[in-house]
Each structure stands twice: as C-alpha cells, then as structure tokens.
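**Student:** Dumping the structure here so I can ask a few things about it.
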Amino acid sequence: MWAHRLSRFNRLAWQPAPATPLLRRGLASHTRWFPQEPAEPLVKTTTIPGPQSKAALEALGRLQDPRAAIFASDFQRSIGNYIADADGNVLLDLYAQISSIPLGYNHPAILEISQSPEMLWALANRPALGVMPPKEWASILEDAFMRVAPKGLDQVFTTMCGSCANELAYKAAFMHFAARKRQESSLTFASPRTLQAYEESCMKNQPPGSPEYVILSFKQAFHGRMFGSLSTTRSKAIHKLDIPAFPWPAVRFPRVQFPLDGYAAENQQEESRSLQEVAQTLDSSPLPVAAVVVEPIQSEGGDNHASPHFFRELRRLTRDRDVLLIVDEVQTGVGATGTFWAHEKWGLDADNAPDVVTFSKKFQAAGFYHTRKLRPEQAYRNFNTWLGDPVRALHAKAIVDTVKRDNLLQLVNDVGGALMTQLEALQAQYPQAMSNLRGQGTFIAFDLPSTDQRNQFLTNMRSLGVNMAGCGDHTVRLRPMLVLQPKHVGIIADRLEAGLKRTFT
Ligand SMILES: Cc1ncc(COP(=O)(O)O)c(C=O)c1O
C-alpha cells in the first residue's frame, strides 16, 4: 500500500517546482509531512529478525560479514519516523541509521531534490572536487553549509564520513601547528634547503617532516574508527582491538550526576578535576599537543554530559596556550539537541569560537568548519580524490531548507520536553531499573542496571515495535529524527513501560 503510494509520489515529485498537490500538502505542516505514516508500530513476526530478514542476512553473509546487523531494512516501505523490515514489521525508529537520518524516511523534500535536474548531473558525474569542481560548487557550499556555519567559522572542508572529518581536521591542526613552530624558529618552506630536509625526513616517517605531535582527547570519547581518529577514540574497545595506535594522551571527562541542577556543587568539583588534568597535560605533555578534541555530549561512550561552564573553561585553557579546540559534532550536530549545533549552548562569542567543528551523520554530508588560519601553507596538502560528494551536499541543502522552513528546532525542543516529562514519570515509577535520565532536545538517554539487562531491554523494545540502541556500558539512548512529533510521545512512553516490565519482572 505504502509502496504504491510512494511510487505514485515519486512520479509526481519528478515534476519541477511548483510542487505537486501531494507534495504541497505534505509540506504544509509537520503533522502532514507523512500522510502515509502508520498510527502505531506493526510487529508481525515473533522475533526480530524474522524469517525474511534472516534469509536476506544469510545471503549477505556469503559476501560480507553480517553479524552486526539487527535486521534487513525495506527502505521503499519505510516512511517518516517508521522503518520497515524485510518481514513487513514496521518499527518506530529511535535509532535512525545510527543517529544519521535527519528528516525521516522518504521525506518529500529529500525525494524532491533527489529527482531534481541538479541532482541528476551530480549523480551521473562524480567530480574530483579538489581539481575540477563543478562551477556551482561555491553556491552549493553556501546553501548547504555556510547558512548554518557555527559562529566565527567561515571556511568549510568536505569529507566522506565522520571519521574522515575528524582525521582531516587533525591533519589541518598538525599542519597549522607545524607551520607555527617553523615560524618561531625562522624556518620556511620558501627555503629549498628547509623544504628538502622536511621532505626527506617525512619519507622515513621521521621528524622534522613527520613530527611527534599529539591530539589530546577525553576518556570514553568516540571520534571514529580510522587510523588517526581511532587513536583519539577511548570507548568501544571492539573497534580498537589489534590496531596500532599513536601514543596520544587522554584525560578524564567529567562524570556528572543527574539531574544536573540537583548536583550542581558536586558536578562543578568533578568538572574542575577534569579541567585540571587538561591543564596539566597541556603544560607537561612530553610530546607537544597540537589540538584538543571533544564531543559536546560523549555519545557512543554513554551520553556523558558536561556543563557549558566546563566547555567555556576548556576553551579558555586551550586559547591561553595557543592549542586548537576541535569540537566533534558528528553525532550532536544538526538539531537533535534543540540547537543546530550543540556547542551553541556554551555561549561562546565569535572571538572564542572553537577552531574547528566537525560534522557528518544528520547532515548526510561530512566535513569540518574552520577558520581561515587553518588553510595549509601550500595547496594539495589536505587532499583526496573526491573530497566529499555534491550528491550529499545537495541533500544537506534540502535538510537546512527544511529545518529552517518547518522550524524543526522548535519541534525538537517541544517534543524533547514532552518526552522528558514522560520519562521522568517512568523513572520515578521504576527506580530499581531506570536511572540517570538526561537529555537535550530529543537527544535523550537513561541507564539500566547492567549491560545484559540493557541488551535484553533493547531486544524486547524491538518486539514491542520500537527500534532503539544502547551506548556506553549500560545506557539506552534515544536518537529519533528531527520530525518526531507530539503524537509519537505517548507511543514511546507506553512501549518503554512495557519494555521495562518485560525486562524486569
Ligand atoms: C562523535 C562521533 N565522531 C565520529 C564518529 C565517526 O563517524 P563515522 O562512523 O561516520 O566514521 C562517530 C560515529 O558514531 C561519532 O559518534
């Protein structure tokens, strides 16, 4: 039924603007984006994955390792906040492709731009953006990224994934740091002798061409799974096993207590301990620290929060020492915390902005914002073949248009507030099971007593029709899309209660 409607919709959406009546109706207000969205989840199989999902994963298993897969999705039948699977189960999706779907499945605005003439050339001709960018690239960057650029950052570098965004940001930071060090020693690449010494040594992986600089990260942080980013990742050991790592330092991230305002004094002390460790490491690290990287909320590591004061102090410590601050907004960015960028809540002015903000996931495109001083001395230094993808940048443009036009940040705040009220009541009712409820916008989490119980709870939630995931050791995280609506809150609260009962009685 949906598939039929969707394919009719697809045909209609092929028309150029003005939008079709169906599209116009869909965009008129957020309660009508997805007229085909079901009223509630539909669970048909006794287990998820059901037989069709298992068969699809078995077929996949002949070619790829499918062991991390939860079920096989059916994207043609997924709509809005609901994901369909191969067995026809339709789950309310609070995981959203690992927190990376911004506007819901098959959102009219994404379908419309996906079928536009500008998308067609981008799909058919993938450019090497560093050498032969399309003539429209500057205006696409402007529309997709610069309209929502974090305060104080007027440059954007596009990449392929969240880990790539961080790695390329680290490279930019190292190049900047090295250039500064050379300047302090009156060395310059304009001198052929200097350049030769650097080029020859880097070919042997030795200083000065390959310097022993470090990036400082926080314990429990997650910044990606590629070689450089993995060395700053300090959670989810499964991804680090057997991979050589740089000898880079990590310091304590505050372990605050919830509710935050109930433990203000204790939390401030805890944050001071962490800041002291940062200062000590910056001042006495045997290897020079080029940058500090931090998440506004440590996400994969367990939804660990800290106060705006903590982050402002972190900025002060780094700025005082001329160390760059990289804010990893791969998971927190693009609206889920109720502001477009989570770090907006820190209240930093443009002069004290982070030096770099990285993004991916809900932006669909990945990359990092930075200040102009972070452009390397020579061209071609921070580089790869594709340097991002106009297809994903065009999607990013539609995402920004929709977030602004439909006032989705307000919706996230309203729905997040309503969800928190319901979850507070559940926590009060099930204090033995649920604790440490915390959240900003709809970026919400709570703890269960153990990893096993958390995992059992997540399995139970899927058979109750809600797809959700964990983070940290024993945390349940909610990562809905920006189009979660008030009508979903009651469904979520009811199913969470059923899930708690099923898991704990
Ligand atoms: C905060 C953060 N940084 C970086 C990454 C890595 O992104 P990707 O998996 O796209 O490489 C993630 C992924 O979960 C993340 O949550």
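**Student:** How many percent of Cα pairs in the stretch 152-388 exceed 30 Å?
**Tutor:** The proportion of pairs with Cα distances above 30 Å equals 23 percent.
**Student:** Enter the mean projected area of the convex hull around the alpha-carbon atoms of the chain, in nm², rounded to one decimal.
**Tutor:** Projected area, direction-averaged: 25.0 nm².
**Student:** Where does the charge balance sit around ILE491 when Lys and Arg score +1, Asp and Glu -1, over other residues with C-beta under 14 Å from its C-beta?
**Tutor:** -3
**Student:** Follow-up. Within the P(r) computed for the stretch 405-495, what percentage of the Cα pairs occupies the region above 20 Å?
**Tutor:** Above the 20 Å cut-off, the stretch 405-495 has 32 percent of its Cα pairs.
**Student:** Pairs of alpha-carbon atoms within less than 8 angstrom and 6+ residues apart define the contacts here; what relative contact order does the stretch 152-388 have, in percent?
**Tutor:** In percent, rounded to a whole number, it is 29.
**Student:** Please report, for the Cα atoms of the stretch 30-156, the Rg to one decimal and the Dmax as a whole number; what are they, in angstrom?
**Tutor:** Spelled out, the Cα radius of gyration and Dmax of the stretch 30-156 are 19.0, 54 Å.
**Student:** Could I ask something else about it? Considering only GLN429, LEU411, VAL400, whose Cα is most displaced toward the positive end of the charge dipole of the stretch 363-505, charges sitting on Cβ of Lys, Arg (+1) and Asp, Glu (-1)?
**Tutor:** Result: VAL400, furthest along the dipole toward the positive end.
**Student:** Would you mind getting the accessible area per residue of the stretch 79-178, heavy atoms of the protein chains only, 1.4 Å probe, in Å²?
**Tutor:** So the stretch 79-178 comes to 35 Å² accessible per residue, rounded to a whole number.
**Student:** Moving to a separate point now. Tell me the mean residue ellipticity at 222 nm calculated for the chain from its helices only (DSSP H runs of n ≥ 4, each -39500 (n - 2.57), averaged over every residue, nearest 500).
**Tutor:** -12500 deg cm²/dmol
**Student:** How long are the semi-axes of the equivalent ellipsoid of the stretch 209-287, defined as square roots of 5 times the Cα gyration tensor eigenvalues? Whole Å, largest first.
**Tutor:** Its equivalent ellipsoid spans semi-axes of 28, 17, 7 Å.
**Student:** Per-residue counts of other Cβ atoms within 10 Å, averaged by peptide: what ranking do you get for 276-283, 433-440, highest first?
**Tutor:** 433-440, 276-283
**Student:** Also, quick follow-up: Using +1 at the Cβ of each Lys and Arg and -1 at the Cβ of each Asp and Glu in the chain, identify which of TYR105, MET203, SER231 lies farthest towards the dipole's positive end.
**Tutor:** Among TYR105, MET203, SER231, the one farthest towards the positive end of the dipole of the chain is TYR105.
**Student:** Which entries in the list LYS361/LYS397; LYS151/LYS345; LYS362/LYS397; LYS135/LYS171 go over 19 Å, if you measure between the two C-alpha atoms of each?
**Tutor:** Flagged as over cut-off: LYS135/LYS171.
**Student:** What does the highest-first list of 321-333, 385-397, 180-192 look like by mean Cβ count within 10 Å?
**Tutor:** Highest to lowest by the protection proxy: 321-333, 385-397, 180-192.
**Student:** If you take all C-alpha pairs in the stretch 148-237, what percent of them are over 21 Å apart?
**Tutor:** 47 percent
**Student:** Report, largest value first, the span of the C-alpha coordinates of the stretch 121-199 along each principal axis, in whole Å.
**Tutor:** On the principal axes, the stretch 121-199 reaches 46, 31, 24 Å in Cα extent.
**Student:** Can you give the Rg to Rh ratio of the stretch 295-421, both from alpha-carbon atoms, with Rh computed by the Kirkwood formula?
**Tutor:** In the stretch 295-421, Rg relative to Rh is 0.99.
**Student:** Same structure again: Taking only C-alpha pairs under 8 Å that are 6+ residues apart, what is the relative contact order of the chain in percent?
**Tutor:** It rounds to 20 percent for the chain.
The values are calculated or read from the model by the stated rules, or taken from the named source; none is laboratory data. Not measured: the values here are computed from a predicted model. Note: ideal-geometry Cβ built from the backbone for every residue, glycine included; neighbour counts use all protein chains shown. Ligands, DNA and RNA are stripped out before the accessible areas are found, and what is left, the full protein with its side chains, is counted by its heavy atoms. Shrake-Rupley method; radii C 1.70, N 1.55, O 1.52, S 1.80 Å.
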